[in-house]
Amino acid sequence: MTGPDFAKMQAAAAALEYVEDGMIVGLGTGSTANHFISMLGERVREGLSIGAIPTSEASRRLAASLGIALIEVDQADRIDVTVDGADEVDQYLNLLKGGGGALLREKIIAHATDHLVVIADKSKLVKDLGAFPLPVEVTSFGFTITAKKVFDALRATGCTSADIKLREAGAPGRPFITDNGNYILDCACRHIPDAAATANALNTIPGVVENGIFLAFPRTVRTVLLGHEDGVDMVEV
Ligand code: 5RP
């Protein structure tokens, strides 16, 4: 096997090294996280004992089907390690996430985690965030008003081209609904020159539930594992 899927599997396999017996493990969402969950399922069948907290209903279903023991999120006040994918990783290891629509739960879990291990194929590494459209989770109530405020916030923080689309699910005109019952605005910015300013401005807007920029979290070690044809590169802050 070659190509991005092989690279994702390489990164997922490397992340297994960070999981130890007895840990509480956050499970990310997306195709790379799915590789990790499948590999973790094999380890569990071999005797590894962990409790897992999934970041989406899809990851919950996959983990449960593999016999991974699940913990209700409100039964834990911290998480040892979370393994999750990303749509982009910048030079400071800021992340752009939410391509799979799970950004809110992913951010809550990542923020409560001692060690966040990000797994991706190497093509996700960028100088600055923004080539991938930035997902912003918003309430369905007033989403058109909120979208206008999001546009203003993006422009005010230097995103000179901001094209905002309501994410659809399958059919035109049918909004994608997150696991939390909200909508997603996909904001094509091309370039986000100041990720911190944009993330902070977005989260002051009533109606914005969360945005997909994952800046550094104060007490979380962040390791990024980038898979490629010849192995895995590791970067850490
Ligand atoms: C889901 C995410 C995913 O981690 C991100 O979209 C990467 O997905 P993939 O591993 O399929 O490339 O943030 O909300």
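Points to keep in mind about this one:
- Gly28 of a type outside the set (S, T, N, Q), under 19 Å from Glu210 (Cα atoms), within 14 Å of the ligand (Cβ to nearest atom) and surrounded by fewer than 24 Cβ atoms within 10 Å (Cβ to Cβ): no
- Every condition in (1) among the aliphatic types (A, V, I, L, M); (2) surrounded by fewer than 19 Cβ atoms within 10 Å (Cβ to Cβ); (3) away from the ligand (no atom under 16 Å from the Cβ) is met by Ile68 except one, and the failing one is (2).
- For region 119-132, a residue qualifies if it is within 10 Å of the ligand (Cβ to nearest atom) and crowded, with 19+ Cβ neighbours inside 10 Å, and the qualifying residues are Ile119, Ala120, Asp121, Lys124, Phe132.
- In the set Ile192, Ile145, only one residue is β-branched (Val, Ile, Thr), out of contact with any strand residue (DSSP E or B) (no Cβ under 8 Å at 6 or more places or on another chain) and at negative phi; that residue is Ile145.
- Applying the criterion of being aliphatic (A, V, I, L, M) and surrounded by fewer than 18 Cβ atoms within 10 Å (Cβ to Cβ) to the residues of region 1-22, the residue that is nearest to the ligand (Cβ to nearest atom) is Ala13.
- For region 73-118, the candidate set comprises residues that are free of Cβ contacts under 8 Å to residues at least 60 places away in the same chain, out of contact with any helix residue (DSSP H, G or I) (no Cβ under 9 Å at 6 or more places or on another chain) and assigned to a helix (DSSP H, G or I); within that set, the residue that is nearest to the ligand (Cβ to nearest atom) is Asp74.
- Residue within region 210-221 that is over 25 Å from Ala15 (Cβ atoms) and away from the ligand (no atom under 16 Å from the Cβ) present: no
- Residue match in region 177-187 (condition: free of Cβ contacts under 8 Å to residues at least 60 places away in the same chain and part of a loop (DSSP other than H, G, I, E, B)): yes
- Pairing residues of region 194-208 that are farther than 19 Å from Asn182 by Cα with residues that are surrounded by fewer than 15 Cβ atoms within 10 Å (Cβ to Cβ) and among the small types (Gly, Ala, Ser), at Cβ distances under 6 Å and at least 6 apart in sequence or on separate chains, gives Asp194/Gly158.
- Tabulated pairs, region 162-176, first touching a residue at least 60 places away in the same chain (Cβ under 8 Å), second surrounded by fewer than 12 Cβ atoms within 10 Å (Cβ to Cβ), C-beta under 7 angstrom, 6+ apart or interchain: Phe176/Ala169
All of the numbers you see were taken from the coordinates with simple rules; none came from a lab. Being a predicted model, the structure only gives us computed values, none of them experimental. Methodologically, a virtual Cβ is constructed for each residue, glycine included, from the backbone with ideal geometry; neighbour enumeration extends over all protein chains shown.
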